[in-house]
Structure formats: structure tokens, C-alpha cells
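The values are calculated or read from the model by the stated rules, or taken from the named source; none is laboratory data. Every value quoted in this text rests on a predicted model; they were computed, and no experiment measured them. With ideal geometry, Cβ positions are generated from the backbone for all residues, glycine too; neighbour counts draw on all protein chains shown. What goes into the accessible areas is simple: the full protein's heavy atoms, side chains included, and nothing from ligands, DNA or RNA. Shrake-Rupley method; radii C 1.70, N 1.55, O 1.52, S 1.80 Å.
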Amino acid sequence: MNKLFRSTATTLISGMALLASSGAVFAADDEAAKLKELERALGGGASSSAPADSHTIGGASDGKKKVRTRAIVFDNAQETAPAPEAAPTPKQTAAMDCANLPADAKLNAVDFAIQFKVGSAEVSPSSEATLGSIAKILSLAPDRCVLVEGHTDASGSVDKNLSLSKDRAGSVVNYIAEKGGIDRKRLVPIGKGSSDPLKNLDPRDAKNRRVVFKVVSG
């Protein structure tokens, strides 16, 4: 009987371990997919980060890199002064005024299950790597505004949930700005409390606790 019990218990423990392992793999895959989705929302960003000297001379396909030189123009043996730098375009200027976006701004939303310490706005160490990856992606498009929304489930006080969601959104912004090197002006923290639960989900479900990154389309 004891042998049968031990065998059954071992089988159950092994099965639970396998399920836990499968869950961890699924969570990792899901997070990777969301990071890719965030990158797509930013427009890829790769083209803006490509080095300028990677183009070939005259568009030829000889594989030679274009040598960047400074042209000097002489007029009556006098070197002309370099042209002044162009003023920022309206898009660049507007992009940094992220706190005053128009009401009809188009947003692309991606949600992440960022973890916090229980009853606190302090980011859990388990989510630091995720926020680091998010910061790297945001750095690919430095002219884009991002709304950072904190969400809670419907358990507990509505007012406390709203306050907590604001604090958590602020913590995420602080973490990305301070440790990820992202310009804080680009990030707008917003607390939503339990006002916007996930579709087809009980408002009290813990899955509603999330942070949503809404990228303003360029």
C-alpha cells in the first residue's frame, strides 16, 4: 500500500512539475510575442537606426561603403560658412509634447503582465528583464510618444485601485526612464484602476492586473 501511495504521489508531483514547466514556456513565448507586437507598433525602428554610411556610392551595387565627407565651397577664395542646422520638423516638435496629445490620436496598444510587490507600486524583480526589453524597443523610435496605463482587477476599493494603478504606471515610467535611458517626456503614466477589464473576463480576475503600452502612431 505504501509503495502504491509513493508511486502515485511521485507521478502526481512529476505531472505538476511538467505542467509548471509547460506554463513557464508558454508565458515566455507569449511575452516574446508581445515584445514583437510592441516593436511592430513602433514601426520596426530598424530603418531609423541603420548607419548612414551603409549605402553604396551612387546607388551602385559594388559593395563599397559610402565615405562621408564635408563639402567645402569657395567663393572668391573665401570659404563659405556652413549652412545652419535645419529647424526641427513639426513632427519632431509635436512628438516631444506627449502630455498634450490630440483626442483623435491613433494608438496601438500592447499589454504586459508586469508584476509588482503585493499591495505595492514597486516593480517586482521578476519583471525587470521585461521592462529592460521594452526600453530597448522604445529606444528604436525616439520620436514616438507612449501612454503607459496601469490596470487593476475589481477586487477591493475602487478608489484604492485607481490610486494604485496610477502609482504602478508611474513606477514603470520611472524604471524605463531611469534604468532604460528613455526620455521621460515620451512616457505618459495613466491610472485606469478597474475601469477597463479584459473582454470576456470576470472583472475580479487577476489577469486584469496589467500594464498597457499605447504607442502613438507616427
Legend entry - Simple spin-label estimate for Ala113 and Ser163 in nanometres, 7 Å along Cα-Cβ: 2.8 nm
Inset, instruction - Take the cross-link list Lys185/Lys214; Lys166/Lys214; Lys160/Lys192; Lys106/Lys166; Lys136/Lys179 and give me the ones stretching past 19 Å between alpha-carbons. - result: Lys106/Lys166
Inset, instruction - Report in % the part of the accessible area of the stretch 119-172 that belongs to carbon and sulfur, leaving out ligands and nucleic acids; probe 1.4 Å. - result: 53 percent
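Find out how many positive minus negative residues lie around Leu147, taking Lys and Arg as positive, Asp and Glu as negative, among other residues whose Cβ is under 15 Å from that of Leu147.
+4
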Legend entry - Label-point gap, in nm, between Ser126 and Asp196 - each point 7 angstrom along Cα→Cβ: 2.5 nm
Inset, instruction - State the extension gain, in nm to one decimal, for the chain segment bounded by Asp29 and Ala105, taking 0.36 nm per residue of separation less the distance between their alpha-carbons. - result: 24.3 nm
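Could you tell me which of rounded, prolate or oblate describes the stretch 118-172, using a ≥ b ≥ c as the square roots of the eigenvalues of the alpha-carbon gyration tensor, with rounded for a/c under 1.5 and, failing that, prolate when a/b is larger than b/c and oblate otherwise?
oblate
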